[in-house]
Amino acid sequence: PEKGLKDYYKDYFPIGVAVNPRMVQPGPEADLIKAQFNSMTPENAMKMGPIHPEENRYNWTDADAIADFAQQNNIKLRGHTLCWHNQTPRWLFTDTEGKTVSREVLLARLKRHITDVMGRYKGKIYAWDVVNEAVPDTGTSLYRKSKFYEIIGEDYIEKAFEYAHEADPSAQLFYNDYNTENASKRERIYQILKKLTDKKVPIHGVGLQGHWSIYEPTAQELQASIDKFASLGLKVQITELDLSVYPKEHERRQRRDTDKSEFTEAMREKQVAQYKMIFDVFRKNRDKLTGVTFWNLSDRYSWLDNFPVPGRKDYPLLFDEKGQPKKAYEGVVKF
Ligand code: G3I
């Protein structure tokens, strides 16, 4: 068989991919996963809403299908995610009369959720995104004003890590966030993680999501993020990598770019160069980086097709809509 990403990077770090349950059914997508990747993350199937739709009912079907596929094909599995303000089930924050629950009740619910989900996949999932996106994008506040924060207080984060460590003492526990190359947000994430490591809360790593574009980050920004979090003694992983071909709004303003739409040849070339650059940085940091995961398999489908502009097709990955390697793939594997 031909070499895949996982083979080119075998001396560096595992290369992962976000999957949905459809992709692990026999077919070309499952074949592409097996040929190229040695790590997987469920894109949605293990989030609280999908997996725990009612207080006394779990829906394990999709998550099990993904976990079984990983095990059968000797692919490492990351769990995503145990405590996040998005995609939460309807019942979580209220009682049967619709009143907001107390701190004690929400902590008990969180603990039970973490214990049950991690317990089911014990030994099958080597790393978990325990808390996801707890820090706001702008402002000076360290904590996003989520329901978890408002009902429990800032210690919901350490509680989640403690419950997770109890549920599976051998799992690697991660804090995961995006926009970590923004100096202000990076600093605020760092402050929270520093409090946790100072208090000896069981946290082992930080996930830099890596929802970037062909214009950002720079090599310097990326290196600064990796160094800053590694300095806390935490492992670093790139957990949700994709490079949108469109500029993010603030970059568009900076570059006074008025072109809002068409995917051009110039963008394709820029993406090749950007992918090459970031993987150069990743390889240089092999002692600090323990994984790089793409957020979706191919340009056939990406969450970016509906974000930030609904229905605008994006081309953020290394495989095209037919699952063929793009030119950017060559840039990543030839080094
Ligand atoms: O499954 C339901 C379906 O039953 C329903 O009919 C349909 C109608 O809208 O929605 C389907 O759910 C969608 C789900 O993706 C599965 O396709 C949700 O609406 C949609 O909101 C959800 O989007 C996911 C998003 O997280 C939610 O915030 C994306 O797929 C997923 O890629 C994205 O992933 C996140 C990471 O978890 C955390 N970091 C950022 C990243 C990108 O936003």
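General remarks:
- Restricting the first member to segment 14-39 and to residues that are of a type in the set (Asp, Glu), and the second to residues that are part of a helix (DSSP H, G or I) and buried (at least 17 other Cβ atoms within 10 Å of the Cβ), the beta-carbon pairs closer than 9 Å and six or more apart or on different chains are GLU29/MET23.
- Test: residue in segment 99-119 that is within 14 Å of the ligand (Cβ to nearest atom), touching a residue at least 24 places away in the same chain (Cβ under 8 Å), closer than 29 Å to TYR190 by Cβ and crowded, with 17+ Cβ neighbours inside 10 Å: no
- Leading residue by the ranking (nearest to the chain's Cα centre (by Cα)) among those in segment 8-58 that are within 11 Å of the ligand (Cβ to nearest atom) and of a type in the set (S, T, N, Q): THR41
- Filter pass, ALA164 being in contact with a strand residue (DSSP E or B) (Cβ under 6 Å, 6 or more places away or on another chain) and under 28 Å from SER39 (Cα atoms): yes
- Condition check for ALA70: more than 12 Å from the ligand (Cβ to nearest atom), at pLDDT 95 or above, outside any loop (DSSP other than H, G, I, E, B) and over 22 Å from VAL131 (Cβ atoms): yes
- Which listed residue is within 16 Å of the ligand (Cβ to nearest atom), under 30 Å from LEU318 (Cα atoms) and within 20 Å of the chain's Cα centre (by Cα), from GLN237, GLN223: GLN237
- Selection count where residues are closer than 21 Å to GLN36 by Cα, within 12 Å of the ligand (Cβ to nearest atom) and touching a helix residue (DSSP H, G or I) at 6+ places or on another chain (Cβ under 8 Å), scope segment 298-318: 1
The values are calculated or read from the model by the stated rules, or taken from the named source; none is laboratory data. Treat the numbers as computed from the prediction; the structure is a model and nothing was measured. Please note: Cβ atoms are built from the backbone with ideal geometry, for glycine as well, and neighbour counts cover all protein chains shown.
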